[in-house]
Amino acid sequence: MDELTVYQLLNKKFGNSFRYHEKFIQELSEAISNSGEKNKLVIKLIQKLSAIQNLDNIDFGLPWLEHLKEYDNMYSLHINVQTGNYRLLFTRERNGKYFLRMFDEKSGKKQTGYARNVKIALERK
């Protein structure tokens with residue numbers, strides 16, 4: 001799925017509820033295209049974004065949503081499919097939730113550790 005299609009899908013479903021870094025859109029597009037489970041990944045993404053769309057208190061105890069307490073105001077939304085364990089890193093800001101980084105945790109712990117990926121997310125902030 002190309003980047004424009006991904007952005008249009010998110011914008012159609014969620015309007016201005018979320019903001020997305022351009023590299024996040026690129027990472028999401030690549031994950032969807034390469035997952036082998038395009039429909040399943042997109043469905044889970046939409047379900048989980050819908051669930052947090054209007055939540056002010058996202059420290060709600062959802063099993064697939066993690067507050068990365070060692071990083072100020074950073075959260076990880078988990079999307080697990082057979083071909084990957086995707087993590088979407090975002091922050092909560094005054095004007096909404098800002099998605100900064102997506103990575104596949106399944107591709108190797110050393111390469112995909114949170115510290116490395118949070119650093120990338122914070123640089124995009």
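Every read-out reported here was derived from the displayed coordinates using simple, explicitly stated rules and does not represent laboratory data. The structure displayed is predicted, hence computed values, not measured ones.
A few points about this structure:
- Listed cross-link partners LYS23/LYS48; LYS40/LYS69; LYS12/LYS44; LYS38/LYS119; LYS12/LYS38 are compared with a 25 Å cut-off, the Cα-Cα value being larger for LYS40/LYS69; LYS38/LYS119.
- Between LYS106 and GLU22, the contour length at 0.36 nm per residue exceeds the Cα-Cα span by 27.9 nm.
- Residue-averaged [θ]222 nm for the chain, counting only DSSP H segments that reach four residues, each worth -39500 (n - 2.57): -13500 deg cm²/dmol
- Were the residues from GLU123 through GLU93 laid out at 0.36 nm apart, the gain over their Cα-Cα distance would be 9.2 nm.
- Per-residue Karplus couplings for segment 13-30, computed as 6.51 cos²θ - 1.76 cosθ + 1.60 with θ equal to phi - 60°, are listed in order as 6, 10, x, 9, 5, 10, 10, 9, 5, 4, 6, 4, 4, 5, 5, 5, 4, 5 Hz, Gly and Pro entered as x.
- Kirkwood-type radius of segment 4-45, with distances r between different C-alpha atoms, in Å: 10.7
- On full extension, the segment bounded by LYS69 and TYR7 gains 19.4 nm, given 0.36 nm per residue less the C-alpha separation.
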